[in-house]
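The values are calculated or read from the model by the stated rules, or taken from the named source; none is laboratory data. Everything numeric in this text was worked out from a predicted model, so none of it was measured. Glycine also receives a Cβ, built like all others from the backbone with ideal geometry; neighbour counts cover every protein chain displayed. Note: areas computed on protein heavy atoms with side chains; ligands, DNA, RNA excluded. Shrake-Rupley method; radii C 1.70, N 1.55, O 1.52, S 1.80 Å.
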Amino acid sequence: MVEIKGISKKMGELPVLEEVNFKINDGEIVALIGPSGCGKSTLFNIISRLDAPDSGSMEGIGNSVACVFQDDRLLPWRTVWDNIRLVREPEDKARVQELIDEVGLKGFEGYYPSQLSGGMQKRCGIARAFYYNGDLLLMDEPFQGLDYCLRHEMISMLLKLWRTHRQSVLFVTHEIDEALTVAGRILILSKRPGRVVKEIRLPDYEGRDLGSPKLMEIRQEIISIITG
Ligand code: ADP
Ligand code: MG
């Protein structure tokens with residue numbers, strides 16, 4: 001289990017995060033939703049240890065956090081295969097191939113990022129993150145800017161990979177329907193300084209329907225909290 005305990009952070013004089021507390025159970029997808037500028041990316045940087053908090057602590061993540069960002073950050077001079085395998089030594093050829101197949105990049109192993117479409121680059125970045133197999137997978141608005149169909153495809157692919165590999169995932173987004181689709185639980189951050197103001201447990205993935213009264217009610221609740 002990952003535990004984030006009392007994380008606070010100022011940027012200069014500006015309090016950005018204030019006493020952020022939450023847990024992620026093993027193999028759970030938790031979505032973190034909040035208004036723009038509330039400190040989501042700051043928290044993400046702290047969890048991935050790119051930045052240090054002013055106070056608070058984290059348990060259960062060691063140094064082993066995989067990340068997927070909005071931009072894919074693939075190495076342009078490496079092929080699909082090498083971009084994936086480079087994050088973990090020694091190379092496990094069978095697992096690299098399995099992930100390439102699972103994200104639908106079979107046949108493109110030798111392609112360079114510039115030879116791939118945006119969606120294919122995203123698939124490669126996600127395969128790399130699952131290959132890394134960290135204690136936690138952080139996704140910071142990974143599907144932002146994708147068109148509706150591609151986003152839908154990516155979400156389905158992510159859930160399929162997650163069912164196979166059972167990673168613990170923290171999924172940062174400001175799209176409510178995306179959170180309602182991918183997550184087992186949603187955390188809502190307040191306006192800056194960000195802190196967790198609400199935790200919502202979602203119904204089982206099986207049979208979950210964005211149009212159902214239950215999900216409409218949850219969507220409305222989230223909207224009233226983030227606009228309130
Ligand atoms: P979010 O990802 O939720 O949109 P961020 O974590 O990027 O929000 O930013 C939260 C706040 O922290 C913003 O108001 C921003 O101005 C401030 N901030 C973020 N990074 C820096 C920085 N490197 N220096 C100063 N202020 C920053
Ligand atoms: Mg951000």
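Tabulated data
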| read-out | value |
| --- | --- |
| Cβ pairs under 7 Å, 6+ apart, first in the stretch 184-207 and more than 17 Å from Thr173 (Cβ to Cβ), second within 16 Å of ligand 2 (Cβ to nearest atom) and in a loop (DSSP other than H, G, I, E, B) | Arg192/Gly37; Arg192/Cys38; Arg192/Gly39; Pro193/Gly39 |
| Residue match in the stretch 159-171 (condition: on the phi > 0 side of the Ramachandran plot and within 12 Å of the chain's Cα centre (by Cα)) | no |
| Matching entry among Val80, Val65, Val103 (being surrounded by 13 or more Cβ atoms within 10 Å (Cβ to Cβ) and modelled with pLDDT under 95) | Val65 |
| Spans of strands (runs of 3 or more DSSP E) in the stretch 29-145 with at least 2 residues within 13 Å of ligand 2 (Cβ to nearest atom) | 29-33, 136-140 |
| Residue check for Val87: open to solvent by less than 50 Å² (accessible area, probe 1.4 Å) and either on the phi > 0 side of the Ramachandran plot or at pLDDT 90 or above (or both) | no |
| Positions within the stretch 115-161 being touching a Ser or Thr at 6+ places or on another chain (Cβ under 6 Å), under 16 Å from Thr181 (Cα atoms) and more than 16 Å from ligand 1 (Cβ to nearest atom), in sequence order | Ile155 |
| Close pairs (8 angstrom Cβ cut-off, 6 or more residues apart or separate chains): at positive phi in the stretch 96-108, open to solvent by less than 60 Å² (accessible area, probe 1.4 Å) and part of a helix (DSSP H, G or I) anywhere | Gly104/Arg123; Gly104/Met157 |
| Count - residues of the stretch 158-183 that are in a strand (DSSP E or B) and either without any contact (Cβ under 8 Å) to a residue 24 or more places away in the chain or under 21 Å from Glu3 (Cβ atoms) (or both) | 4 |
| Criterion (at negative phi and either in the same structural domain as Val30 (by TED's automatic domain parsing) or part of a strand (DSSP E or B) (or both)) met by exactly one of Ile200, Ile155 | Ile200 |
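So that you can scan it fast, the table gives a plain yes or no per residue for (1) open to solvent by 60 Å² or more (accessible area, probe 1.4 Å); (2) more than 13 Å from ligand 1 (Cβ to nearest atom); (3) in contact with a strand residue (DSSP E or B) (Cβ under 8 Å, 6 or more places away or on another chain):
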position	(1), (2), (3)
Met1	yes, yes, yes
Glu13	yes, no, no
Glu19	yes, yes, yes
Ile33	no, no, yes
Ser48	no, no, yes
